[in-house]
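Asks: Structure provided below as structure tokens; questions to follow.
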Amino acid sequence: NVKEALLDQKTICGIGNIYADEILIHSKINPFRKANTLSMKECENLLYNAKEILSEAIKEGGSTVRSYHPLDGIDGRMQLSLWAYGREGKPCPYCGLPLKKSKVNGRGTTYCPHCQVPPEEKIVIGVTGPIASGKSTVSKYIERKGYLRFDCDAIVHLLYEKKNIQKKLQEAFGNQVVQDGRIDRKFLLGIVSKDRRKRQDLESIIHPMVYKAIEEGIKKTKQNRIVLDVPLLFGSPLEKLCNATILVTAKDEIRMKRLEERGVDIHKSLSLNEDYPLSEGLKKATIHLETKTTPLLELYKQIDKIRFLD
Ligand SMILES: [Zn+2]
């Protein structure tokens, strides 16, 4: 792999473990990548960064870390500007996501799993938030950046068209739930909004199928930038598929106003979210966005600043 090649003094001379990691993160190349898959442009970039970083290190008197001390006893200063080495779990200078450490041929290797991703690997961004928080606006904007979008609500709509699912829902909520071959969503909302147990019944029928559809979709697609729009992401099986998550929230009065504009029953809709695990979301999400009544352009600017979407 590339890391071994950089350390192999027969291939290229003078690069040690610390600087190999630095050169790779600056070049956004995954250390585990096969060296012979690098393009000429990537090789040139690698060489350029190697020269720049080593010259800077020499100027700074080298890096003084636990395992390396200079002979003359004067400590170097390069360790202060290292991007990767010794920074496991700290934010990547490019994208802000935590750096990861693993071993390549027995040598500790720190890299950004997002920026230094092999080109064929998929990046999944999960967008989540309670009803009318603005999460669809966020996930649709990310879609416009070239991401493939999977939308739970849209998948639920498709599932409701299926005869076997209609039958299951009739068994659980009565025959009236199907009208003229379609699920009567208003009727269903009426039932599940006032009865927590009925709501859990509905979720236990629908959610596993939605999650399965998305998991299969991610596996099948050839696109490697994916955004998920999932109301209940944390604690679901989709959570572990996400490289990063965005929690979208809005103040209650704003959400109520949006629901009113959609012409849906505000209180029934809000009661669907009465158990929403907001504090868990705030703890787990990579990024928290609060949407306001300000123009969408403001929100888009905020999203543009999220470095892991670059
Ligand atoms: Zn990064």
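To keep it simple, each residue is scored yes or no on (1) open to solvent by 60 Å² or more (accessible area, probe 1.4 Å); (2) more than 30 Å from residue 122 (Cα to Cα).
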position: 166; (1), (2): no, yes
position: 185; (1), (2): yes, yes
position: 191; (1), (2): no, yes
position: 217; (1), (2): no, no
position: 239; (1), (2): no, no
position: 247; (1), (2): no, no
position: 267; (1), (2): yes, yes
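Asks: Taking the stated definitions as given, is residue 298 surrounded by fewer than 17 Cβ atoms within 10 Å (Cβ to Cβ) and under 30 Å from residue 197 (Cβ atoms)?
Replies: In short, no.
Asks: Output the residues belonging to segment 91-107 that are more than 11 Å from the ligand (Cβ to nearest atom) and out of contact with any helix residue (DSSP H, G or I) (no Cβ under 7 Å at 6 or more places or on another chain).
Replies: 101, 102, 103, 106
Asks: Another one. Starting from segment 145-156, take each residue that is open to solvent by 30 Å² or more (accessible area, probe 1.4 Å) and list its partners that are outside any strand (DSSP E or B) and among the β-branched types (Val, Ile, Thr), counting only C-beta distances under 6 angstrom and pairs at least six apart or across chains.
Replies: As it stands, the answer is 148/221; 150/214, since those pairs meet every condition given.
Asks: A follow-up question, please. Would you check which residues across segment 164-217 are charged (D, E, K, R), under 16 Å from residue 271 (Cβ atoms) and assigned to a helix (DSSP H, G or I) and list them?
Replies: Matches in segment 164-217: 185, 186, 196, 197, 198, 199, 201, 203.
Asks: Here's a follow-up. Residue pairs, Cβ under 6 Å, 6 or more apart or interchain, first in segment 116-141 and closer than 24 Å to residue 283 by Cβ and more than 16 Å from the ligand (Cβ to nearest atom), second open to solvent by less than 40 Å² (accessible area, probe 1.4 Å) and assigned to a helix (DSSP H, G or I). List them.
Replies: Cβ pairs passing all conditions: 127/135; 127/138; 127/139; 129/135; 131/269; 132/255; 132/259.
Asks: Something else about it: Hey, among the residues in segment 281-295 that are open to solvent by 60 Å² or more (accessible area, probe 1.4 Å) and outside any strand (DSSP E or B), which one's nearest to the ligand (Cβ to nearest atom)?
Replies: For segment 281-295, the residue satisfying everything is 286.
Asks: Could you please find all residues in segment 9-42 being within 16 Å of the ligand (Cβ to nearest atom), closer than 19 Å to residue 80 by Cβ and either part of a loop (DSSP other than H, G, I, E, B) or open to solvent by less than 10 Å² (accessible area, probe 1.4 Å) (or both)?
Replies: The answer is 21, 22, 23, 25.
Asks: Say we look at segment 43-77 and pick out the residues that are among the acidic types (Asp, Glu) and part of a loop (DSSP other than H, G, I, E, B); which of these is modelled with the highest pLDDT?
Replies: The selected residue is 60.
The values are calculated or read from the model by the stated rules, or taken from the named source; none is laboratory data. All of these numbers come straight from a predicted model, not from anything done at the bench. Reconstructed Cβ throughout: ideal geometry from the backbone, glycine too, with neighbour counts over all protein chains shown. SASA here: full protein model, heavy atoms, side chains in, ligands and nucleic acids out. Shrake-Rupley method; radii C 1.70, N 1.55, O 1.52, S 1.80 Å.
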